[in-house]
Amino acid sequence: MPRTSAASAKKLTERRKELVALLEDADRQLAELRHLRESLHDDDEHDPDGVSLSSEWSRLEGLRQSRLEAVAEIDAAAARLDRGEYGICSVCGKPIAAARLDARPGATECIDHAR
Ligand SMILES: [Zn+2]
């Protein structure tokens, strides 16, 4: 039985909600870290924690960035759904396997053409 677009829309909405929650989580952790950094600012250079704080900062920034991109991917998928193009490979125009869309709702290529 073919997947209905209503079911796909629901799945995209749910995934987006999860991703936004994760994004907010990363934002919160970054804010805490910023606060911590500011409180240590005076002796930053002598603080042995300075280095680990910096690497934690990079890690969180990377996490935040990838989550932002994931939300954008879901938004793009929702736009394709509105146009009736959702779940169609952008390379060959064939349907993308349901299992692949389950794993990655924002996929734009079939498994053969995945980047
Ligand atoms: Zn394809």
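The values are calculated or read from the model by the stated rules, or taken from the named source; none is laboratory data. In this text, all values refer to a predicted model and were calculated from it rather than measured experimentally. Backbone-built Cβ (ideal geometry, glycine too); neighbour counts: all protein chains shown.
No other residue among A99, A76 is within 16 Å of the ligand (Cβ to nearest atom), surrounded by fewer than 17 Cβ atoms within 10 Å (Cβ to Cβ) and assigned to a helix (DSSP H, G or I) apart from A99. Answer with yes or no whether R67 is among the basic types (K, R) and within 17 Å of T4 (Cα to Cα). So R67 does not fit the description; no. Residues considered: L19, L30. Of these, the only one that is away from the ligand (no atom under 16 Å from the Cβ) and within 13 Å of the chain's Cα centre (by Cα) is L19. Taking each residue of the stretch 11-37 that is surrounded by fewer than 16 Cβ atoms within 10 Å (Cβ to Cβ) and looking for partners that are of a type in the set (A, V, I, L, M) and at pLDDT 95 or above with beta-carbon atoms closer than 7 Å, six or more apart or interchain, yields V20/V71. When the criteria are applied in full, R104 meets the requirement of being touching a helix residue (DSSP H, G or I) at 6+ places or on another chain (Cβ under 9 Å), closer than 15 Å to R15 by Cα and within 16 Å of the ligand (Cβ to nearest atom).
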